[in-house]
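First comes the structure, then the notes that go with it.
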Amino acid sequence: MTPRHALPLPGMVWGPRPERRQPRSAEAAERWRARWQALCDRLPAWRRRDEADFLLRLRACRAALSQQADPLQRAEALAALRARLAREGLADAVLPAALAGVAQCAAEVLGQDPFDTQLIAARAVLQGRLAEMATGEGKTLAVALAAAVAALAGLPVHVITANDYLVARDAERLRPLYAALGLSVGAVCQADERAARAQAWRAAVTYVTAKELVFDYLRDGQAPEGAPRLLRGLCMAIVDEADAILLDEARVPLILSEPADMDDALRHARQALRFARALQPGRHFRLEAASRQVHLTAAGRARLARATASADSGARADYADLAPVWRNRLHREHAVCTALAALHAYQRDRHYLLRDGQVLLIDETTGRIAEGRAWGQGLQQLVELKEGCDPSPAFATIAQITYQRFFPRYHRLGGLSGTLAEARGELLAAYGLSVRPVPLRRPSRRRIGPTRLFADHADLWVAVARRVARLHRRGRPVLVATDSVAEARALSAHLQRAGLPHRVLDAHGDAQEAAAVAAAGQRGAITVATNLAGRGTDIALGEGVEALGGLHVIACQLNPARRIDRQLAGRAARQGDPGSVETWLSLDSALLARSLPPWLRTWLRPRCRRLPAALLSGLLRLPQRLEEQREREQRARLIRHDEQMERRLAFAGRSE
């Protein structure tokens with residue numbers, strides 16, 4: 001199976017800023033190609049033969065290159081490789097020679113000789129696949145190998161990663177490799193001004209977060225005709241931590257806004273809060289905890305209609321300035337439901353935190369501060385008013401897009417992650433991408449302990465503190481993952497009372513995140529982290545830790561998806577190191593509390609410590625499956641809503 005050749009450079013054929021207008025998932029040829037890839041990739045015997053043949057050809061090319069000691073010969077070989085890539089594109093026949101050349105350069109310049117698994121992953125990315133490469137196996141270098149080959153072929157490459165720290169770190173760390181190949185590298189971070197962004201986007205390889213990439217794309221779309229643009233088009237993208245970006249972060253659209261009338265917006269928000277505070281839960285509205293949506297009952301709609309009617313007639317002095325829009329039933333019900341969600345569904349230290357008088361959103365997948373992100377439709381201002389903060393400026397939407405509709409616009413798209421298998425169907429349907437498993441470099445030595453269930457968090461934290469104390473006395477490092485900032489603080493208090501030195505890594509300490517996670521494998525270290533804080537940072541074992549059994553992870557959270565559980569387990573026992581993982585949960589954890597019916601939780605409370613392992617496993621998997629289904633449906637609804645919004649903006653004359 002040979003994928004299609006690289007497409008031509010931006011210019012006369014593609015135009016100055018090329019992108020696909022017809023998503024690859026909608027093209028019959030691309031759809032069948034991706035399905036054929038997916039079928040072949042799930043056949044272990046075919047994969048092993050294919051990988052063995054590829055590595056045999058690559059080693060032959062490496063052997064020839066290693067004999068070229070003269071710099072002039074090296075320069076001629078690089079020029080010949082560029083010419084061949086320009087002629088043949090990223091066809092399978094040229095990839096062994098291309099990856100051999102880049103691998104040889106990495107070994108000499110970086111002192112990192114790529115492993116076979118990294119070369120297999122890089123090849124899969126260049127073939128337009130998602131490579132499932134286990135956590136800790138060296139995805140950063142695999143991404144660089146693929147990016148360098150594509151850039152040598154003349155394609156502007158965008159490498160998308162999780163946060164600004166990783167953007168700056170990886171671009172700087174890999175700069176010598178790109179420079180040795182005659183390639184420039186740039187990094188786009190949130191704080192960069194337009195001039196710095198423009199320079200970074202002109203580089204052969206540009207590292208960037210998905211959010212900054214999409215917003216620069218939307219800004220280009222709103223630029224006047226003839227005005228300079230930032231991006232050179234959507235030629236090739238390599239998505240690191242692909243499941244986090246293409247799935248977990250794809251639940252909300254990216255919205256480009258312009259300032260709106262602040263006085264009107266604040267007046268409207270305060271009025272919505274007043275109406276919302278007069279409604280009673282259960283009687284006037286119902287709250288769906290899983291989706292954080294609020295639905296008015298018939299009594300609630302009638303109560304709201306009477307309240308706005310009396311206010312409109314001047315009977316209430318505090319509503320004397322009620323705008324005419326409140327007479328519209330759909331508008332007033334939507335506004336009050338949003339205000340009810342701000343009051344009851346969004347919780348401090350779980351969905352957001354307060355810092356320096358500001359409401360900062362927490363990314364629920366990673367536990368990090370969602371820098372530069374704010375809720376739309378007035379929700380941000382409503383939460384700020386609820387917390388007594390100065391409201392942030394109000395904005396009106398001028399353009400928006402979802403990741404599901406943005407990334408398929410790339411002519412070539414690939415990526416890597418440690419956890420993709422569970423979502424391969426959705427990734428194929430939404431992005432036209434098949435998943436290629438990459439074998440482990442060394443056999444796994446990870447030990448999985450039995451799952452334990454406790455009646456409540458109070459019992460859980462006491463048991464966890466005892467477990468951590470026992471491991472700490474032996475010198476083993478321990479990483480405890482919690483579900484929220486509030487839970488991290490609660491566990492920290494128990495550890496302090498037990499006299500256990502530890503470090504808490506949550507959304508309050510995101511600036512020191514990478515250093516803290518990197519030190520989590522040192523002898524005697526105790527680290528408490530929210531969700532997947534530190535994703536993308538390697539955990540190296542300290543001296544003597546391997547003999548003690550390696551890093552021990554205690555997961556005190558049931559994640560919304562099984563693949564996120566696997567991502568967390570991958571913090572331990574990386575690259576053949578020893579390590580172990582346990583899952584300890586409480587019945588009042590967020591996912592179980594909203595997924596299990598009250599009668600079942602009542603029945604389980606006195607029995608949870610004595611349940612057979614098989615029964616407990618089944619009980620815990622059911623909420624995850626329900627949550628996975630709910631999130632898939634949410635992403636599907638988002639695509640439909642995004643398409644409707646694009647049509648409305650185009651009708652208003654604000655589309656490209």
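Given +1 at the Cβ of Lys and Arg, -1 at the Cβ of Asp and Glu and no other charges, the dipole of segment 150-245 around its Cα centre is 300 debye to the nearest 20.
Taking the helices alone, the chain has a mean residue ellipticity at 222 nm of -14500 deg cm²/dmol, built from -39,500 (n - 2.57) per DSSP H run of at least 4 residues and averaged over all its residues. Amide H to amide H, with H built 1.01 Å from N, residue 528 comes under 5 Å of 480, 503, 504, 505, counting only residues 5 or more places away or on other chains. For residue 447, the residues whose modelled amide H falls within less than 5 Å of its own, excluding neighbours fewer than 5 places apart on the same chain, are 579, 580, 581. Relative to the longest principal axis of the Cα atoms of the chain, the long axis of helix 139-152 lies at roughly 60 degrees. Comparing Cα centroids, segment 112-135 and segment 556-570 end up 23 angstrom apart.
Taking every alpha-carbon pair under 8 Å whose residues sit at least 6 apart, the chain reaches a relative contact order of 16 percent.
In the chain, the longest principal axis of the Cα atoms and the axis of helix 210-222 are about 80 degrees apart. Taking 0.36 nm per residue of separation and subtracting the Cα-Cα distance, full extension of the segment from residue 86 to residue 225 would add 46.9 nm. Pull out a ≥ b ≥ c, the square roots of the eigenvalues of the alpha-carbon gyration tensor of segment 317-466, then state rounded if a/c is under 1.5, prolate if not and a/b is larger than b/c, and oblate in the remaining case. Since a/c reaches 1.5 but b/c is at least a/b, the shape of segment 317-466 is classed as oblate.
Think of the chain as a dipole: +1 on every Lys or Arg Cβ, -1 on every Asp or Glu Cβ, centred on the Cα centre; then among 183, 551, 298, 298 lies furthest on the positive end. The P(r) of segment 161-262 has a tail past 20 Å containing 43 percent of all C-alpha pairs. Helix 485-497 axis versus longest C-alpha principal axis of the chain: approximately 90°, rounded to the nearest ten. Expressed per residue, the C-alpha convex hull volume of the chain stands at 172 Å³. Across segment 82-88, rounded Karplus estimates of 3J(HN,Hα) from the backbone phi angles (6.51 cos²θ - 1.76 cosθ + 1.60, θ = phi - 60°) give 4, 5, 5, 5, 5, 7, 9 Hz, Gly and Pro being marked x.
Of all DSSP bridge pairs formed entirely within the chain, close to 25 percent run antiparallel. Here each label is just a point 7 Å from Cα along the line to Cβ, and for residue 113 and residue 202 those points are 4.0 nm apart. Whole Å is fine, so just give me how far the alpha carbon centre of segment 418-491 lies from that of segment 603-631. Going from one Cα centre to the other spans 16 Å. For the pair residue 610 and residue 75, the difference between a 0.36 nm per residue extended length and the Cα-Cα distance amounts to 185.7 nm. The separation of segment 360-401 from segment 204-281, counted between C-alpha centres, amounts to 11 Å. Taken about its Cα centre, the chain carries a charge dipole of roughly 2060 debye when the Cβ of each Lys and Arg holds +1 and the Cβ of each Asp and Glu holds -1.
In this calculation the C-beta distance from residue 398 to residue 540 is compared with R0 = 56 Å, giving a FRET efficiency of 0.75. Amide H contacts of residue 522: 542, each under 5 Å away and 5 or more positions distant or on a separate chain (H built 1.01 Å from N in the peptide plane; Pro and chain starts excluded). Between residue 280 and residue 456, what is the FRET efficiency for a Förster distance of 35 Å, r being their Cβ-Cβ separation, to the nearest 0.05? Calculated transfer efficiency: 0.80. Once the Cβ-Cβ distance of residue 599 and residue 52 is raised to the sixth power relative to R0 = 51 Å, the FRET efficiency obtained is 0.35.
Quick note: the coordinates plus some simple rules give every number you see, no bench work behind them. These numbers come from a predicted model, not from an experiment. Heads up, the Cβs are rebuilt from the backbone with ideal geometry, glycines too, and the neighbour counts pull from every protein chain shown.
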